[in-house]
Amino acid sequence: MGLLQWLETGSWSVPDAPETTEQRELQSVVTDLGVAYETKIAEILGLSDSSIPAVYRAVQFIADTIASLHMEQVDERSNVRDLDTPMILLRPDPTETYHETMHKIAMSLLWRGNAFFRVVSRSEASGLPTAIQVLNPDEVAVNWDRQRLFPVYEWRNQTLERNRDIFHIPINLYPGHVEGMSPISAARHLWETMKAEGNMAKTLVADNATPSGLLHSQKPLTRQEAEEVRDIWEGSHKGRKRVGVTSGSVEFKPLQIKPVDAQFVESRNFSIQEVARIFGLPGHFLGVSSGSSMTYSTTESLNRLFVTNTLRPTYLERIEQVFSMLLPPFKVARFNTDELLRADIKSRYEAHHIGIAAGFKTPNEVRKEEGLPPMLGGDELRQPSNESVPVSQESKRA
């Protein structure tokens, strides 16, 4: 009954039912498969000595970038940022820094495809969460309920209610699945190939299977004569920086396999480009060209490509939408990406001038963006015709 019930409902037995031999055997198989999978992932992807530098760098780059962006509270109706940011966005977990919390969420998405956090405390007045804790995704079990309508979450033998006790951020979520898939899991065959390339290069260097040179004789030599010539040469020169001398018809020709000739460099660069594509990074961020003729004149162009094509649609919007559930009605969470898209000084100042002259930006708004203190009278908009006169004074003249 246990196996049949598991196939139909996803649950082994009714509460308090004794554990059967069938259940124990299947649980053992599932556990063994899980351990084998995690061990393999750890071996290939940087959790052991056999790490892949490009993968580590891509994960670190994306996670650190997300953690460096601060969230703000925005009014959903007016799309205007609130002056005061609630503590749940400033420091979601009071026991650690904002950077640590966001870094854990990003790393969970990148390594496992799922990030989980649970509510630790709530406001007595509003009932809204005031503190959260990011959970280890390997400790959270997600399954369908018996009707396969809603996901059920379990953490350390506790059943948690979704969007109240526990919040789930998945990426690459397929229909009919309750858990997302990380870029690492989706491209595990590439990681196997990259690991094989690294092992091949290491073995070639360590074993040194290629001879360092060739002693060429213009006349035929017997096996014994050839071995004597080789032994004499090696006895005089192997391991010593001495000038080689040959006599008679024997000539020494050095042999070398250059990394480029063996296509190691091209192969490694191609693999790194593949890593960049899978993670949605411009190849420049991993130290290789993108493989296309497109060029970028400024760092701003690269950052804009990264933010608009990868960071925002894949990671930021998913995190924002879940954190918005922790806020009051009509309030949403937004990451501030202005620093990543920040232009050079000349372009910024020209844009500031246009904004003030057109009458849709105040001088103090500009000064705030530049990290400067507000000035007296700088909170009023200027007339488009005359940027030096506030709108209120222009109205009095009229």
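Quick note: the coordinates plus some simple rules give every number you see, no bench work behind them. Source: prediction; values computed, not measured. Reconstructed Cβ throughout: ideal geometry from the backbone, glycine too, with neighbour counts over all protein chains shown.
Amide H contacts of residue 383: 389, 391, each under 5 Å away and 5 or more positions distant or on a separate chain (H built 1.01 Å from N in the peptide plane; Pro and chain starts excluded).
Put simply, the amide H of residue 331, placed in the peptide plane, has neighbours under 5 Å in 76, leaving out anything fewer than 5 places away on its chain. Placing a pseudo-label 7 Å from each Cα along the Cα-to-Cβ vector at residue 158 and residue 351 gives an inter-label distance of 4.4 nm. Rg and Dmax, both from the Cα atoms of the range 100-185 and both in Å, are 13.4, 43.
Rounded to whole numbers, the Karplus 3J(HN,Hα) couplings from phi for the range 301-312 are 5, 5, 5, 5, 4, 5, 5, 6, 8, 10, 4, 6 Hz, using 6.51 cos²θ - 1.76 cosθ + 1.60 with θ = phi - 60°, and x at Gly and Pro.
In sequence order, the range 138-148 has phi-based couplings of 6, 9, 9, 9, 10, 9, 6, 6, 5, 8, 6 Hz under the Karplus curve 6.51 cos²θ - 1.76 cosθ + 1.60, θ = phi - 60°, and Gly or Pro positions carry x.
What does the highest-first list of 365-371, 110-116 look like by mean Cβ count within 10 Å? Don't skip to the end; give the middle numbers.
Values: 365-371: 13.6, 110-116: 22.7.
By packing density, highest mean first, the sequence is 110-116, 365-371.
Peptides 303-311, 91-99 ranked from most to least packed by the mean count of surrounding Cβ atoms within 10 Å: 303-311, 91-99.
Using the Cβ atoms and a cut-off under 15 Å, what net charge is assigned to the surroundings of residue 373, where Lys and Arg are +1 and Asp and Glu are -1? Can you show the working numbers first?
Numbers: positive: 367, 368; negative: 365, 369, 370, 379.
With Lys, Arg at +1 and Asp, Glu at -1, the neighbours total -2.
Highest mean packing comes first when the peptides 147-155, 278-286 are listed by Cβ atoms within 10 Å, giving 278-286, 147-155. Once backbone amide H atoms are built at 1.01 Å from N, residue 131 has 120, 121 as its partners under 5 Å, excluding neighbours fewer than 5 places away on the same chain.
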